[in-house]
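Bear in mind that the values in this text are calculations on the coordinates, not laboratory data. As the structure is a prediction and not an experimental result, all values here were calculated from the model. For neighbour counting, all protein chains shown are included, and Cβ atoms are generated from backbone atoms with ideal geometry for every residue, glycine included.
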Amino acid sequence: TGKALLQRTLDRRVIGGIQQVDRYKNGKLQMLLTTAGVVYLIDRLGRAVEGFPLMLKGVFCAQLSLFDYDGNKDYRMVVPMEDGRLLNFGIDGKPVQGWASATLGGPVTAPVEHVRIKGKDFLVAAMRDGKVAVLDRKGDVRYPTKLRMNGLSAFLGSRKAMDIGSWRLLWADSTGAVLSGSLDDDIDT
C-alpha cells in the first residue's frame, strides 16, 4: 500500500544488504544490518532487539556474513574488520565460544563465504592483498591455500567444486582481465 511500517535513524550508511533472521525461532523476522562499526538487529517495528546494537571497536572492511550451518536457525555472524580480524557472534550478540579470534594479517575484500564439502565446513576469506584464507568453524586454518590473486582489482565471486582445493575464485586484475584460480593455485583467464 506504500505505507511506511518503520523508520530508524542509523549512525552511518548501511554496508552491504539487509538480511532477515528469525532470532527467536518463532516465525517473526528481524532485520540484521551493519554500518561502519555497528551491527544492528531491529524488529519489524524498528526497535533494537535485546543485545543490540553491537558497537565494535574498529571499522568493518566488508559486509558481515550470516551463516546457519545446520539450517536450525543457530545463526553465526562473521564480521571482517579493517585490521584483519574476523569476529564471530551468535545471533544473541555475544561472541561465539571457542572462536580463535582469527587474524588474517590484512582486510578482506568481500564477505567471508561458507562452503560445505563432504560434510566439512570451510570459511573462505579473499583478502585485499590477493591472499586467500580457508578456516574452520573455530577460526583456525583448515586448508592451506596456494592461490594468490595477483593484480586483484575487483573480487567477483567463486565457483563451486567437488573438493576444496578445486574451489575457484574469480577476480579482475588492473588491466580488466578476468581471472579464475583454484585454491590449489591453478590460474586461468
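A few points about this structure:
- Projecting label points 7 angstrom from Cα along Cα→Cβ for L170 and K28 puts them 4.1 nm apart.
- Fluctuation leader among R168, R76, R13 - the chain, Gaussian network, Cα springs under 10 angstrom: R13
- Listed values (i) 64; (ii) 42; (iii) 59 include one computed from this model; for percent of Cα pairs over 24 Å apart that value carries the label (ii).
- Length added when fully stretched, T35-S180, from 0.36 nm per residue minus Cα-Cα: 49.1 nm
- Amide H contacts under 5 Å for I117, placed H, 5+ residues apart: F122
- Karplus-derived 3J(HN,Hα) values for region 128-145, using 6.51 cos²θ - 1.76 cosθ + 1.60 with θ = phi - 60°, are 4, 7, x, 6, 9, 10, 10, 10, 9, 5, 9, x, 8, 5, 9, 9, x, 8 Hz; glycine and proline are entered as x.
- With a threshold of 24 Å on the Cα-Cα distance, the over-threshold entries among K3/K73; K138/K160; K94/K146; K25/K94; K3/K28 are K3/K73; K94/K146.
- Whole-Hz ³J(HN,Hα) from phi, Karplus 6.51 cos²θ - 1.76 cosθ + 1.60, for region 14-31, glycine and proline x: 6, 9, x, x, 10, 10, 9, 9, 10, 4, 8, 6, 10, x, 9, 8, 10, 10
- Charge tally for K94 (other residues, Cβ to Cβ under 15 Å; Lys, Arg +1; Asp, Glu -1): -1.
- Table column - 3J(HN,Hα) (Hz), region 62-71, Karplus curve with 6.51, -1.76, 1.60, x for Gly and Pro: 7, 4, 5, 9, 10, 10, 10, 3, 10, x
- Backbone N atoms of region 111-136 closer than 20 Å to the 7 Å Cα→Cβ label point of K146 belong to residues 124-127, 130-135.
- The distance between label points at T103 and A154 comes to 3.4 nm (points 7 Å beyond Cα on the Cα→Cβ vector).
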